[in-house]
1. Show me the strands (runs of 3 or more DSSP E) entirely contained within the stretch A:289-380 in which 3 or more residues are of a type in the set (A, V, I, L, M).
2. It is to be established whether one or more residues within the stretch B:303-312 are surrounded by fewer than 16 Cβ atoms within 10 Å (Cβ to Cβ), assigned to a helix (DSSP H, G or I) and either at pLDDT 95 or above or more than 21 Å from the chain's Cα centre (by Cα) (or both).
3. Go through the stretch A:257-270 and report how many residues are over 19 Å from A:Val358 (Cα atoms) and assigned to a loop (DSSP other than H, G, I, E, B).
4. Quick check on my filter: what residues within the stretch B:117-146 are of a type in the set (Ser, Thr, Tyr) and closer than 22 Å to B:Gly356 by Cβ?
5. Is the stretch B:113-126 home to any residue that is in contact (Cβ under 8 Å) with a residue 60 or more places away in the chain, under 28 Å from A:Tyr58 (Cα atoms), within 14 Å of chain A (Cβ to nearest Cβ) and charged (D, E, K, R)?
6. Among the residues of the stretch A:124-133, how many are surrounded by 17 or more Cβ atoms within 10 Å (Cβ to Cβ), touching a strand residue (DSSP E or B) at 6+ places or on another chain (Cβ under 6 Å) and more than 9 Å from chain B (Cβ to nearest Cβ)?
7. Does any residue of the stretch B:250-266 turn out to be within 21 Å of B:Arg67 (Cα to Cα), outside any loop (DSSP other than H, G, I, E, B), out of contact with any Asp or Glu (no Cβ under 9 Å at 6 or more places or on another chain) and free of Cβ contacts under 8 Å to residues at least 12 places away in the same chain?
8. Within the stretch B:310-365, count every residue that is under 19 Å from B:Pro486 (Cα atoms) and in contact with a strand residue (DSSP E or B) (Cβ under 8 Å, 6 or more places away or on another chain).
Amino acid sequence: MMRTTPFHPRLEQLNHAHAWGNWSGYLSALKYDLSSKHEYFSVRNAAGFFDTSPLHKYWLRGPDAERFCSHVFARDVRALRPGRAQYQVWCDDAGFVLEDGVIFRTAADEFFLTAAEPNYGYLTSLARRYELDVVDATEDFASLAVQGPRSRDILRALTPDIDELRYFGLTHTKIGDTEVMVSRTGFSGDLGYELVIPADAALEVLDAIIAAGEPHLLRPYGEEALNMVRIEAGLPLLGKEFTSSRYAYTDAHRFTPDELGLGWLLKGIDDESRPFIGREAILRERATGSSRWRTVGVAIEWRDYYDLFASNGLLAVPDEIPVGWETMLYSAKGKRIGYATSFMYSPYAQRHIGIARVRPKFAEIGTEIQVEQTVNHEYLNVRGHVTGLPFFNPERKVA
Amino acid sequence: MADSHAYDVIVIGAGHNGLTNAAYLAKAGQRVLVLEQNSLVGGAAITEELRPGFQFTTFSYALSLLRPEIIAELDLVRYGFNPLYMRSHFAPMDNGDYLLLGPDDAVNRQEIARHSKADVDGMERFQHDTSRVRQFLRPLFDSIPPNVFSKDPQDADQVAWLLNHLGGADTKVIHDSVRLLTGSIKDFVDDYLESEIIKATICSAACVGIKLGPMSPGTGMNWLYLAMGEHDGHSGSWSFHKGGNGGFTQVLARAATAYGAEIRLNSAVSHLLTKHGEARGVVLRDGTEFRAPVVVSSLDPRRTFLQIADPRELPSDFVETIERFRFQGVSSKVNFALDGIPRYPALGDRTDHLLGFLNFAPTVEYMERAYDAAKYGWYSEHPYIDACIQSFMDPDMAPPGKHVMSCYVMYTPHELKGSTWAEQRENMADRVQATVNRFFPNFDDLVLQREVVTPDIIEERTGLSEGNIYAGEFFPHQMYFFRPAPGYSDYRTPIEGYYQCGSGTHPGGCVIGAPGRFASQQIIKDTRR
């Protein structure tokens, strides 16, 4: 049976599109409005809320918690002070990424991890040699993302504590009578917050947020709008940008942090005191320059896209819904150089954008490329170029 | 008279492999005669109406191993091939709870998490590791085993291919393959999982058809064998053919006939005719002779070589190997006609758990104890039952509102110590009914009729020696290039022109068709020489 999240009774009333998808066995809205673009603009211009309750949530607690986390996760958690959160990846010992997620340090000896895939078996199998408890708290909490320029104004009205919260900061506060954990994190690339709420008080807190959000035009948004904003933010999605190395069948489906553009997480990798899983392989990759890919942005200028269609007798109608498959990329000379893993028309950028993997020598920003499109049932190329990531990065995100 | 009885090929037995073989040969232009002892085709894959409107799958009851090549090459869809999707897998538990796995991986994760959170990713790893093993072994499964005992250079090429394939594999995949092929399924799943009901569900699938318990080495291989099946490309999925597996063999018969094969029912073969050590035809029990330079037996190795052929015409070491080939059937069927829907108390009026297999094996120990009895010549007090209410998949199986339920039962050894199946049959069926009733408390009240099929009946009606459903047990020394005997895994026999195409040859049993197909390839290759 499909399950529903603690927010569902309210979300069901709000879902005028009656469009539900399946996220980890939970009903998850694809969109609430008939137009997911409308929801996208809510997030970009006002604020939106998204139900992230199906995320897997784990407590990692005990005297060895820091030692354990600095062994398992590729980014150094020792630098993470209590009251801070960190974007993380974890790798296998071949240096391939298993998954990404966000880790919250709630106390010196306590961490809270959110991840898209179940990891309880993996974490407990590694925890045997540590004094540490791994607790699966997935069903204890509902979680909600409130994202967009007005998100601070909305939450401030409920809990003034969040005013002080810095980017990737974390605080325990109250909304009404309910203890909630609020972090300044999100998947939109904008100013935004995520709330972890005890499951039994979820509806009460949601109703308070909806009420506080009304003057700010707060709206719910679904998976389609979420996917749009995260591509603009250049954030990788499991199942799109990468597969977990654990379940990949060939190395073509496995990627190292450097190949995924996540090398910046590995600051301090030379530090011998932290032999995290995958470190040696990553050092070897760096020493030998064996990275197969670089992750870049790609963009097509509107004029080129329009002309491609016009010259074939068609009107170009850009679609903001990301395409569900990979888009092949070629060099200016027509040689295969990689593929876009996510590709969409960005209403914000007013052109087609994508997150792509290309061979390292084609990764320089500005490199001219050819992007394959289907036109009149033929594969035709359109001129594009390599860009940096992200596409959307307002100052208010971190200010 | 002699002319009208002359064919290019005579196939003995119209089971699914005999029919597959005949269809391929007829399609290739051979004049084929299929001789079947019973009054309908299908062998162990038949459907019978034992009560007006109620269709029973007497023996074989589901489809998965059937090689997809056969569906395409014989154009079976044109002849009515219609495998219906079996959507779920339900395992009741002693405490009234249950495990219900269905078509959606994400929903299954939630169900698994109810039993163990660690098993959610444990199951993912189990499925990933085993699917890599399947991927690695599939080319071996889906080709004629190389003759490693031969000096022929053509065979040497095949052996080199095999060694190259083995050598090219990932170390972990090789090791996992060996762990599965030689070990017990319990040891293997223990490395991934902790929940008893999840382990028991996997382990039960490893024990179907073999005289081994989940703790016995060898069950890993049986699990792997059955996991080589698929439905629409989804590994390990099962389907129910419209009209049961009898419906499927009717499709094969239509295809074979359309390609020009002639099927003769009520024609039990007595023996093979030979001259100068070469096959020349067969003689029926009523004395009728049919002539052909090629004779293919779809019967099991014991009957192919010790009954139809004259063992005195075969090399004595080969005869010894065949005499040692083990059968030991342990399977029974109890098929029920039901007046309504069995209800599982914890699920109230729901029926979505009845749309596939019902697996009565709540713990690994339950399975092992069920097996213990068989070791000592008796049948299980608490049997393992793999059931299916087939009228939920195909409404034509029973009148509206009524149902038919197929119960495959383990363990029921062919030989009972100090008794006979004639004496014990109804008592065994009572235990099966009591077991189902223990979990579905309204079951007894629904039973309109039951059919009890024990190993002696399987042997008598289908000809499968000792009632072994695989036409010979699945032991490492009876598989691959040892099936049925070293040097004869290529569907040929020591008698020129005499071939074998039954489940006693590679890859083995189940409704799979591969032996029939491979044998046809070998025959066509040899005839063109």
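1. It comes to A:294-300, A:336-346, A:351-358, A:368-375.
2. Yes: one or more hits.
3. The number of residues fulfilling the criteria is 4.
4. B:Thr130, B:Ser131
5. Yes, that holds for at least one residue.
6. 1
7. There is at least one residue in the stretch B:250-266 that is within 21 Å of B:Arg67 (Cα to Cα), outside any loop (DSSP other than H, G, I, E, B), out of contact with any Asp or Glu (no Cβ under 9 Å at 6 or more places or on another chain) and free of Cβ contacts under 8 Å to residues at least 12 places away in the same chain.
8. 1
The values are calculated or read from the model by the stated rules, or taken from the named source; none is laboratory data. Small disclaimer: the values here were computed from a predicted structure and weren't measured. In this analysis, Cβ positions are derived from the backbone assuming ideal geometry, glycine residues included, and neighbour counts consider all displayed protein chains.
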